[in-house]
Amino acid sequence: MDFSTPLLHDAPTRRNRFIYLRIDWPLLIALLLLASMGLFILYSASGQNMAVVQAQGLRILLAFFIMLLLAQIAPYGIQFWSPWLYGLGLLLLLAVLIMGEIGKGAQRWLDLGLVTFQPSEIMKLAVPMMIAWYFAEAPLPANRKRLVIAGVLLIIPTLLVAKQPDLGTSLLIASSGIFVLLLAGLSLRFISVFLFFILASTPLAWNYLLHDYQRQRVLTFINPENDPLGAGYHIIQSTIAIGSGGIYGKGWLNGTQSHLDFLPERSTDFIFAVFSEEFGFIGVLILLSLYSFIIARGLIIASQAQHTYGRLLAGSITLTFFVYVFVNIGMVSGILPVVGVPLPLVSYGGTSIVTLLAGFGILMSIHTHRKLMPT
Amino acid sequence: MAHHKQLALKDHVRETQIFNQRLIIAAILIASMTLLLLTRMVYLQIINLNHFSLLSENNRVSILPIPPTRGLIYDRNGVLLAQNLPSFTLELVTEHMQDVNETLRQIGKLITLSKEDIKRFNKNRRHKRRFEGIPLRFRLNDGEVARIAVNQYRMPGVNIRATLTRHYPLGALGSHAIGYVGRINVEELRTLDESNYSGTSHIGKTGIERAYEDQLHGHVGMQKVETNAQGKILRVLERTLPTPGKNLYLNLDVKLQAIAENGFGDHTGALVAIDPRDGAVLALASVPTFDPNLFVNGISNRQYSQLRDSTDRPLFNRALRGQYPPGSTIKPFIGLAGLELHEITPTDEINCPGWFSLKNDPRRYRDWKKNGHGKTNLTRAIVESCDVYFYNLSLALGIDNMHNFLATFGLGKRTGIDIEGEKPGLLPSRAWKRRVRQLPWFPGETLITGIGQGFMLTTPLQLASITATLSRHGQRMQPHMLYAIETPDNSRIDIIPPATINPPTQASEANWNTIIQAMKKVVHSRHGTARRISHHLSYTIAGKTGTAQVFGIKQDEEYVEKDVSKKLRDHALFIGFAPVEDPKIAIAVIVENGGSGGAVAAPIARKVMDQYLLKKGP
């Protein structure tokens, strides 16, 4: 076992000796395809607003740049900085909470003068990084004490984000941490105890953790027809959009639901409905294939990773990516309650794209820094 | 560089085994969940495609009604009685505003909002469709429109809508005949043709506006529009223009109507004037009147309770719904019955001592003239309105004959005029009394029926109608408000043909003439009860005065007008037609608590006749 790897730049492996940049080409190409598809749909969903597409294009460029930058950093460097990033994220979340208290209202954003950003986005990566870092310290499967500590590391940011309130993000943070726990070999007994705990705390969460509008969303999900012009409106309208797309779709820019303003949030969380309406079942198959390819590639990278930290983090990032896809499409097509989770790389909005591609940068870093000699 | 503490030896093989095992489980889960999503897509996009396509199409295209323009109402000379004026309504779409109360406060700074406005607004807010505008203020004036328009940009959801509002240019004149429109209420909504009224907010509530609602309303037009979810119209796909309502010409003559209404002065009452030749209702006055414009956009509670609670009952249509004892105005008809049934001849005389009593009954039935009329024949009995003569005649005829004969004039039944709400009056009979009161008929009741008291009730319209029938020697014409219907599209005018009511009232020419000549003397002879209206009269009038008791007078008690409070004074009646030789107008007047028919009621009829026959305008 070799732990003396340099912090930042590893020597290029033989495999990519002639390539200065460390890039996982299959992943990059798939992500580029997905992102450009996203821009096309966004052009339609935004009502052919080129300014919106340009802004999103710039964000995607920036995010790809960050991804490639991270890919050049060796996994050990990332591992080293994990607790620091986690600590910083926690501090920022507390800052947001305190400012929210002072400002009397929901607060997700931190205004740093020049830029505003959501500290919760940092936690999407910092939490799995932190837990993977913690588990990498000791042999696996982890003992009970370490599991409890890992659980605390996971629950604190999740609750802080849920309190903001941002149910979608807290769900993603929680699942990214839980995936690390599961992949680390959490015993079945622990899983069942955990599930029991979740179920038992549901009424508590319902009463104390969830806000009225969140409760309403869940109730509406159970029966959208109950309130067809109120909270159920989104779900009904988006299922109409998807369903009316049929096999071949109505064609690009021809979606009536989306163009006539029936669809809420049509360029952000509900963009999948625009896509399905215009490109139909065939388009959905292509999109899901692309996502499946990216996920499969991520799982392969995880399975080929040589160190505990790398494989745990790669697995968690990949599985979390799937959670994005599943929750978003599930909610837009009406099989899950509405939670604010974007369709990765397609939905309009900068922060999530940067976080997502940063995650893939880490994946690439893990994959491209492997030693040729099996350990 | 710092390195990780090695707490225990790592078992890499086992770790990798567990990890890969978990990864495989995850991969299987991912695959099955992806399959779940795909199944959902198949369900939505393939299995239920038709269902959702239809929903999507309905979402995109909505059918909006275009309300038709309501028909206009004119009088017989083309004077406009009801029209549509453009008016500006302030509407709020609450979905577009963040804080409704704040917006209301802002609007309140710009224009005056009454408590009523806000109350009505909040009431309507509770049951409305999404993105439907709720009216807040009606009839904005130009200044108010300007103030709202300038500030509209900072009040999203505040709209000014230009609509056509019904307006009655003559105000209170003829309001009982013309009626008014008002907002459609819940009960009306249940019986309406929903699609035809989908764009209409108002409906005829009373009078002509209600009776000819079908003609006036027209037929709704439709436009198929593409909308967004906000209900905003993006473009019109198809348009079917509405068919405007038809214009109505009434038989009413507003000059006559005005003279009739003004003739009452401070009194309350009703006047109906009919052209006996065709049944045209020339005037239908019920006094006091009210301003129908108040009702168009929802009358305020205060105004409504003022109208409703007024002791003069301005909302009560006396001409159609007021049921009064006809009093002595029934005497010519009883006289005709006597002649026709051979109970009397024109020359038969009785002695009138001023009272009458039945055998075995000490009760005295008094004559209005305390000392009696002395020797009295039929003509004199009508001219001087001798009660005792008619007590005798009634006794001879009996209630059955009286009932049957008066029924041939149509008393006790609705005349069938083309406005709703008419009352049938009451023509008493043995059968009626047994059925309603469970009592036998008493002979005393026959006597007072003969002078138009007791159970008998008539409406002013009925009195005018039977007077017209009398003037035409029994030919009964259907009283009718509507003269003609104009179709605005092609300006075609359809005149409503007069309708006769069959069978006509049967009596011999001689008997008709006897009665009519007697009625002529009521006006034109020295002793006639209506002689004062013959002053400077250039044509002939046949008439009959009457008084109807409002409350019973005890036996042998004198009725002294000035001792009785106004509300308990007798009603004054007059019926008449002119010219006697070729009757062109028949009138019935009732002046509530007016006292004497000859002094109070007859002069009003004279004024109306003057206007109609001599065109002596005001």
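Here are a few things to note about the model shown:
- Chain B: angle of helix B:602-614 to the longest principal axis, Cα-based, in degrees nearest 10: 80
- Only Cα sites of the stretch B:52-182 enter the Debye sum here, all with the same form factor; the resulting log10 I(q)/I(0) across q = 0.09, 0.12, 0.14, 0.16 1/Å is -0.39, -0.64, -0.81, -0.95, listed in q order.
- For the stretch B:360-473, the normalised intensity computed at q = 0.15 Å⁻¹ comes to -0.76 (log10 of I(q)/I(0), Debye sum over alpha carbons, equal scatterers, no solvent).
- Other protein chain Cβ atoms within 10 Å, averaged over every residue that makes up B:36-43: 6
- Per residue convex hull volume, Cα atoms of the protein assembly as shown, in Å³: 232
- Angle in degrees between helix B:100-110 and the longest Cα principal axis of chain B, rounded to the nearest 10: 60
- Of B:GLY444, B:VAL580, B:PHE264, farthest towards positive along the dipole that unit charges on Lys, Arg, Asp, Glu beta carbons give the stretch B:254-614: B:GLY444
- Helical runs assigned H by DSSP (4 residues or longer) give chain B a calculated mean residue ellipticity at 222 nm of -10500 deg cm²/dmol, each run adding -39500 (n - 2.57) before division by the residue total.
- Counting only other chain Cβ atoms within 10 Å of each residue's Cβ, the peptide A:174-187 averages 2.
- Per principal axis, descending, Cα span of the stretch B:70-146 in whole Å: 54, 29, 20
- Put in line by how crowded their Cβ is, counting other Cβ atoms within 10 Å and starting with the fewest, B:MET222, A:MET130, B:MET477 read B:MET222, B:MET477, A:MET130.
- Ranked packing of B:90-101, A:337-348, most packed first, by mean Cβ within 10 Å: A:337-348, B:90-101
- Between B:ARG308 and B:ASP193, the C-beta separation translates, for a Förster distance of 35 Å, into a calculated FRET efficiency of about 0.70.
- Between helix B:460-471 and chain B: long-axis angle, C-alpha atoms, 0 to 90°, nearest 10: 50
- For the stretch A:39-73, chymotrypsin sites (Phe, Trp or Tyr not before Pro) are listed when DSSP marks them as loop and at most 13 other Cβ atoms sit within 10 Å of their Cβ; the list is empty.
- Peptides B:609-615, B:25-31 ranked from most to least packed, by the mean per-residue count of other Cβ atoms within 10 Å: B:609-615, B:25-31.
- Per-residue mean of C-beta atoms belonging to partner chains within 10 Å, peptide B:14-24: 6
- Just so you know, the Cα atoms of the stretch A:269-353 work out to an Rg and Dmax of 14.2, 44 Å.
- Ranked by the mean number of other Cβ atoms within 10 Å of their residues, highest first, the peptides B:352-363, A:352-363 fall in the order A:352-363, B:352-363.
- Chain B - Kirkwood radius from inverse mean 1/r over Cα pairs (Å): 29.2
- Converting the Cα gyration tensor eigenvalues of the stretch B:354-407 into ellipsoid dimensions via √(5λ) gives semi-axes, longest first, of 20, 16, 8 Å.
- Ranking of B:PHE316, B:PHE390 by neighbouring Cβ atoms within 10 Å, starting from the fewest: B:PHE316, B:PHE390.
- Ascending count of other beta-carbon atoms within 10 Å, so fewest first, for B:VAL236, B:VAL589, B:VAL522, B:VAL186: B:VAL186, B:VAL236, B:VAL522, B:VAL589
- Evaluating kT/(6 pi eta Rh) at 20 °C and 1.002 mPa s, with the Kirkwood radius of the stretch B:254-614 over Cα pairs in the Stokes-Einstein relation, gives 103 µm² s⁻¹.
- Note on A:VAL152 and B:HIS219: the model spin-label points, each 7 Å out from Cα along the C-beta direction, lie 8.1 nm apart.
- Over 24 Å between alpha carbons, listed pairs B:LYS369/B:LYS423; B:LYS370/B:LYS521; B:LYS369/B:LYS433; B:LYS375/B:LYS544: B:LYS369/B:LYS423; B:LYS369/B:LYS433
Each reported figure results from applying straightforward, stated rules to the coordinates on display, with no laboratory input. The model shown is predicted, which means the values in this text are computed figures rather than measured ones. Using ideal geometry, Cβ is built from the backbone for each residue, glycine included, and neighbour counts are taken over all protein chains shown.
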